[in-house]
Amino acid sequence: MTRPARPGDLDVPALVAGVDVDRVAAAVLACPLVAELVTGEHGAVATHLPGRRIAGVRVHDDGPGPARITVSVSACYGAPMGRLVEQVRSAVAVRAPGHPVDVVVADVA
């Protein structure tokens, strides 16, 4: 079973294919147009780590080249979707440069 991150969990980086998933999640949550990170339908967008799960961020390391990052968010009501996607991609680029980013707007809050 997984649990939400606890304060001490962030002392050890959650690295998947060289991507610090905790830092990516924090950067996305800092975006003004993002209400929250969500797992999407059937909980598909999440990173499973020993003893915990990071909702809304998944790293796909399926082959050669940089790993692809999927981020699933709930948008703030009235947020322009193009601007939201731009904010999320920019935030992720700072924490995981060179990785392609797919943004899923799964809900509006």
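Among Asp62, Asp22, which is the only one that is over 23 Å from Met81 (Cβ atoms), touching a strand residue (DSSP E or B) at 6+ places or on another chain (Cβ under 9 Å) and either of a type in the set (S, T, N, Q) or assigned to a loop (DSSP other than H, G, I, E, B) (or both)? Before the answer, list the steps.
On the way: Asp22 fails: either of a type in the set (S, T, N, Q) or assigned to a loop (DSSP other than H, G, I, E, B) (or both).
Answer to the check: Asp62.
Of the residues Gly78, Gly56, Gly98, Gly43, only one is under 10 Å from the mean Cα position of the chain (by Cα) and free of Cβ contacts under 8 Å to residues at least 40 places away in the same chain; which?
Working: Gly78 fails: under 10 Å from the mean Cα position of the chain (by Cα); Gly98 fails: under 10 Å from the mean Cα position of the chain (by Cα); Gly43 fails: under 10 Å from the mean Cα position of the chain (by Cα).
One residue alone meets the criteria, Gly56.
Restricting attention to region 90-101, the residues that are in a helix (DSSP H, G or I) and under 15 Å from Leu37 (Cβ atoms) add up to 3. Taking the numbered list (1) at pLDDT below 95; (2) closer than 16 Å to Val94 by Cα; (3) not acidic (Asp, Glu) in turn, Ala5 passes all entries but (2).
I need the full set of residues from region 70-84 which are under 22 Å from Val16 (Cβ atoms) and either part of a helix (DSSP H, G or I) or in contact with a helix residue (DSSP H, G or I) (Cβ under 6 Å, 6 or more places away or on another chain) (or both), in order please.
Taking region 70-84 first, the residues under 22 Å from Val16 (Cβ atoms) are 70-73.
Residue satisfying the conditions is Val71 alone.
None of Arg53, Arg95 is more than 15 Å from Arg23 (Cβ to Cβ), in contact with a Lys or Arg (Cβ under 8 Å, 6 or more places away or on another chain) and among the basic types (Lys, Arg) except Arg53. When you look at Arg23, is it of a type outside the set (S, T, N, Q), at pLDDT below 95, touching a Pro at 6+ places or on another chain (Cβ under 9 Å) and surrounded by 13 or more Cβ atoms within 10 Å (Cβ to Cβ), yes or no? No: the conditions fail for Arg23. If the condition is being at pLDDT below 95 and either assigned to a helix (DSSP H, G or I) or of a type in the set (Ser, Thr, Tyr) (or both), then region 26-46 contributes Glu41, His42, Gly43. For Leu10, the conditions (1) surrounded by 15 or more Cβ atoms within 10 Å (Cβ to Cβ); (2) touching a helix residue (DSSP H, G or I) at 6+ places or on another chain (Cβ under 8 Å); (3) at pLDDT below 95 all hold with the exception of (1).
The values are calculated or read from the model by the stated rules, or taken from the named source; none is laboratory data. Just so we're clear, the structure is a prediction, and the values are computed from it rather than from any experiment. Methodologically, a virtual Cβ is constructed for each residue, glycine included, from the backbone with ideal geometry; neighbour enumeration extends over all protein chains shown.
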